[in-house]
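Computed from the coordinates by the stated procedures, all read-outs in this text should not be read as laboratory data. Please read these numbers as outputs of a predicted model, since none were measured by experiment. Heads up, the Cβs are rebuilt from the backbone with ideal geometry, glycines too, and the neighbour counts pull from every protein chain shown.
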Amino acid sequence: MTVITETGYSYISDHLFVNFLNTINGANSQVTDLLMQESGTDKWLELMYSRELLNSEQFRKLKEETFDDGAIRDFRDRGREYVLEGKHTEFISSLTGNVKQAPLYFDKHLNPVPSCGGSSGLLSLLSYKMLEAYQGSIFSKIKKCHSPDCYALFVDYNGRRKWCSMEICGNRTKARKHYAKKKE
């Protein structure tokens, strides 16, 4: 499901880390890095909490400290590179390092909660979720939307999906092809 919120964030996946990787949006041939906006990381966390991808304990713990936006963006960019280009050896090592730096504990529902907040806690939680997805073969199912103007990543469970959203990118692509054929 794709929803463009008032803050500009796309909600595409039930996977927290995929939504994090999608904090770069493209519209009308213009790229927007949503983490570079004022309080970008905080706004993203609030959206994930409102969509119940973070529970109250995770959200509260992460908000206890401030975020190093540069480190958060760097992690996101390396994550996108890993997913798009398959450069996984060093990235997987960095994920385990992030979890070691800020260990996780598990709440009564077995949800991972970082032991500290801020950048270390967020990187630890996202790293854990990515390692979990890597173990469960989700990473091999992540694709980039085929629309040239879209930067969204999505999980293609059946292997046939081309667009992040048929309603948005799929219909636009089909309409462009249709009008191009009509002009010929």
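Conditions (1) aromatic (Phe, Trp, Tyr); (2) touching a residue at least 12 places away in the same chain (Cβ under 8 Å), marked per residue:
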{"position": "Asp69", "(1), (2)": "no, yes"}
{"position": "Glu90", "(1), (2)": "no, no"}
{"position": "Leu125", "(1), (2)": "no, yes"}
{"position": "Tyr128", "(1), (2)": "yes, yes"}
{"position": "Gln135", "(1), (2)": "no, no"}
{"position": "Asp149", "(1), (2)": "no, yes"}
{"position": "Leu153", "(1), (2)": "no, yes"}
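Determine, yes or no, whether Ser147 is among the hydroxyl-bearing types (Ser, Thr, Tyr) and touching a Gly at 6+ places or on another chain (Cβ under 9 Å).
Details: among the hydroxyl-bearing types (Ser, Thr, Tyr): yes; touching a Gly at 6+ places or on another chain (Cβ under 9 Å): yes.
Judged against the criteria, Ser147 is a match.
When residues of segment 70-125 are filtered for being within 18 Å of the chain's Cα centre (by Cα), under 27 Å from Lys143 (Cβ atoms) and hydroxyl-bearing (Ser, Thr, Tyr), how many remain?
Counting residues in segment 70-125 that are within 18 Å of the chain's Cα centre (by Cα), under 27 Å from Lys143 (Cβ atoms) and hydroxyl-bearing (Ser, Thr, Tyr) gives 3.
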